[in-house]
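Here the structure comes first, spelled out in structure tokens, and everything after it is commentary.
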Amino acid sequence: MSAVLKTVPSMRPMGPTDVERVLAIEQDIYAHPWTRGNFRDSLQAGYSCWVMECEGQLVGYGVLMVGVREAHLLNLSVARHWQRRGFGRRLLHHFIDLAVGYEAQRMFLEVRPSNVAARALYADSGFRELYVRRGYYPTDDGREDAILMGLDLAAGEAGVTDMP
Ligand SMILES: CC(C)(COP(=O)(O)OP(=O)(O)OC[C@H]1O[C@@H](n2cnc3c(N)ncnc32)[C@H](O)[C@@H]1OP(=O)(O)O)[C@@H](O)C(=O)NCCC(=O)NCCS
């Protein structure tokens, strides 16, 4: 169980001036982080990019790509120091709410099979594991599969029933 969240974090859209701080967190928490260009491209493409702040610090962020009736969560991250305090769950639910607001019917994401924490968070929030994308992620010595997970937004927490 996460520690009780004593301070309520706030969400705001990510801007170009956030990218350096976001990148510092990204490089700290991922072995194969997004690049500065990935974040800049996401902002320029008009993806829904948000940061979470708490006690004046940037504690998390995420990127949601919204298409026709579908949303795809491309990044969800909490700074190492702030993990296991409920922020990841709050961030995820912020993006689920956004997807619902955009009238998406389904929401998808990829996760590494080795990422026990993220898989538990997604499963706990109603995402179902749909299928495996072979060799999707880079690793130090090759490639790692990705699990595609989906949430049926039209059916609340019922989960996705069809393949995309
Ligand atoms: C995955 C991540 C976003 C979770 O954020 P967080 O703020 O630490 O998670 P929360 O405190 O909100 O925990 C929510 C749930 O996630 C799961 N979880 C989180 N950390 C976990 C861990 N170390 N081990 C197992 N389950 C974990 C639990 O189910 C937890 O619920 P519980 O507290 O009731 O047990 C965060 O660990 C992170 O940024 N990791 C590095 C980047 C990453 O892997 N992003 C996801 C890419 S797909």
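Candidates are the residues of the stretch 48-65 that are among the aliphatic types (A, V, I, L, M) and under 13 Å from the mean Cα position of the chain (by Cα); the one that is nearest to Thr35 (Cα to Cα) is Val63.
With respect to being hydrophobic (A, V, I, L, M, F, W, C), within 26 Å of Ala24 (Cβ to Cβ), in contact with a Lys or Arg (Cβ under 7 Å, 6 or more places away or on another chain) and near the ligand (Cβ under 7 Å from one of its atoms), Val116 falls outside the description. Just to verify a result, which residue in the stretch 39-94, among those that are within 15 Å of the ligand (Cβ to nearest atom), in a strand (DSSP E or B) and among the polar types (S, T, N, Q), is farthest from Phe108 (Cα to Cα)? Once the filter is applied, the top-ranked residue is Gln57. Taking every residue in the stretch 63-86 that is in contact (Cβ under 8 Å) with a residue 60 or more places away in the chain and pairing it with any residue that is among the charged types (D, E, K, R), at least 6 positions away or on another chain, the pairs with Cβ-Cβ distances below 7 Å are Glu70/Arg106. Could you list, in sequence order, all residues of the stretch 10-35 that are under 30 Å from Thr139 (Cβ atoms), part of a loop (DSSP other than H, G, I, E, B) and out of contact with any helix residue (DSSP H, G or I) (no Cβ under 7 Å at 6 or more places or on another chain)? Tyr30, Ala31, His32, Thr35 - these are the residues of the stretch 10-35 that are under 30 Å from Thr139 (Cβ atoms), part of a loop (DSSP other than H, G, I, E, B) and out of contact with any helix residue (DSSP H, G or I) (no Cβ under 7 Å at 6 or more places or on another chain).
Of the residues making up the stretch 87-107, those that are buried (at least 16 other Cβ atoms within 10 Å of the Cβ) and under 26 Å from Ala24 (Cα atoms) are Phe87, Gly88, Arg90, Leu91, Leu92, His94, Phe95, Ile96, Leu98. Here Glu110 clears all of (1) outside any helix (DSSP H, G or I); (2) of a type outside the set (Gly, Ala, Ser); (3) under 17 Å from Pro9 (Cβ atoms); (4) near the ligand (Cβ under 10 Å from one of its atoms) except the condition numbered (3). The set of residues in the stretch 119-153 being among the small types (Gly, Ala, Ser), assigned to a strand (DSSP E or B) and either within 11 Å of the ligand (Cβ to nearest atom) or on the phi > 0 side of the Ramachandran plot (or both) consists of Gly135, Gly142, Ala146.
Restricting attention to the stretch 51-86, which residues are acidic (Asp, Glu) and crowded, with 17+ Cβ neighbours inside 10 Å? Give the derivation first.
First, pick out the residues of the stretch 51-86 that are acidic (Asp, Glu): 53, 55, 70.
Answer for the stretch 51-86, where residues must be acidic (Asp, Glu) and crowded, with 17+ Cβ neighbours inside 10 Å: just Glu70.
Values quoted throughout were computed directly from the atomic coordinates according to the rules given, and no laboratory measurement underlies them. Since the model is a prediction, treat every value here as computed from it, not as a measurement. Cβ coordinates were reconstructed from backbone atoms using ideal geometry, including for glycine residues, and neighbour counts include every protein chain displayed.
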